[in-house]
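The values are calculated or read from the model by the stated rules, or taken from the named source; none is laboratory data. What you see is a predicted model; the values in this text were computed from it and never measured. Cβ: placed from backbone, ideal geometry, glycine included. Neighbour counts: every protein chain shown.
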Ligand code: 13P
């Protein structure tokens, strides 16, 4: 079965409005769309303006986070319903930076996924082990726990809406990407866990992206792995030219 590739740019807390608008126009001009789905994840504040100025159809928009609460007295939070109300279609959930700096737990992430799905958005659920866990050889156990506690309890219909991103923490922003063997092994493992819980058919449908120091010079190799369906790109997504080169690799 061939899954459509996805290349997604997670800008994190980078780019201001003007630079971001320029990026959109540069990337749009360089895309010849049908090769893969192209997603971008700007900061909340930029999303409505960028979606307004963007006249193309090749780039899809997502948020980097949403609240696990529905609405109410949660100062500073942004709800999934609010994101959906301005037309946002994707949302990253459980990025390791949010787990690490903002104390997001597997249980909270499950609630965030529920909120996203309830509001018709596609969650991009991030999982991945820190260096120490990799050094102990316990990465599969670690990722399995993340999946089990946040994702694998959903219905078949809900599960079919989810995109997974494997982002080993030791590869994020370090310049040290996972090897193709490491990526393929973990992606196949994630798919086998989905197959065991649901069905092989469903497991084969779910896109599993790789993230962590994915760059123009390693993207092609990573994307040729059977179970790697594209990338979630941090640093290299900030530069339109580099990002386009990664899209070309997909
Ligand atoms: P880098 O590509 O900068 O390593 O970041 C990956 C990432 O965290 C994407 O979500």
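What are the residues in segment 127-137 that are surrounded by 13 or more Cβ atoms within 10 Å (Cβ to Cβ) and without any contact (Cβ under 8 Å) to a residue 12 or more places away in the chain, if any?
133
Which of (1) more than 19 Å from residue 244 (Cβ to Cβ); (2) assigned to a loop (DSSP other than H, G, I, E, B); (3) away from the ligand (no atom under 16 Å from the Cβ); (4) under 19 Å from the mean Cα position of the chain (by Cα) is the odd one out, the single condition residue 2 does not satisfy?
(4)
Please go through segment 57-90 and pick out each residue that is in a loop (DSSP other than H, G, I, E, B), loosely packed, with under 13 Cβ neighbours inside 10 Å and either modelled with pLDDT of 95 or more or in contact with a helix residue (DSSP H, G or I) (Cβ under 6 Å, 6 or more places away or on another chain) (or both).
71, 72, 73, 74, 75, 76, 87
Here's a check for you: in segment 146-187, which residue that is in a helix (DSSP H, G or I) and within 16 Å of the ligand (Cβ to nearest atom) is surrounded by the fewest Cβ atoms within 10 Å (Cβ to Cβ)?
Here the answer is 182.
Just to be sure before I move on: is residue 209 closer than 19 Å to residue 61 by Cα and within 18 Å of the chain's Cα centre (by Cα) in the structure I sent?
Taking the combined requirement at face value, the residue satisfies it.
So residue 46 passes all but one of these: (1) outside any loop (DSSP other than H, G, I, E, B); (2) away from the ligand (no atom under 16 Å from the Cβ); (3) more than 21 Å from residue 122 (Cα to Cα). Which condition number does it fail?
(3)
Answer yes or no as to whether residue 100 is farther than 13 Å from residue 44 by Cα, surrounded by fewer than 22 Cβ atoms within 10 Å (Cβ to Cβ) and modelled with pLDDT under 95.
In short, no.
Inside segment 192-250, can you point out the residues that are within 15 Å of the ligand (Cβ to nearest atom), part of a helix (DSSP H, G or I) and closer than 28 Å to residue 156 by Cα?
223
Go through segment 8-28 and give me each residue that's at negative phi and crowded, with 17+ Cβ neighbours inside 10 Å.
8, 9, 10, 11, 20, 21, 23, 24, 27, 28
Only residues in segment 211-234 that are farther than 18 Å from residue 126 by Cβ count as the first member; pair them with residues that are within 11 Å of the ligand (Cβ to nearest atom) and in a loop (DSSP other than H, G, I, E, B), Cβ under 8 angstrom, at least 6 apart or cross-chain, and list the lot.
Note: pairs meeting the criteria are 215/177; 218/177.
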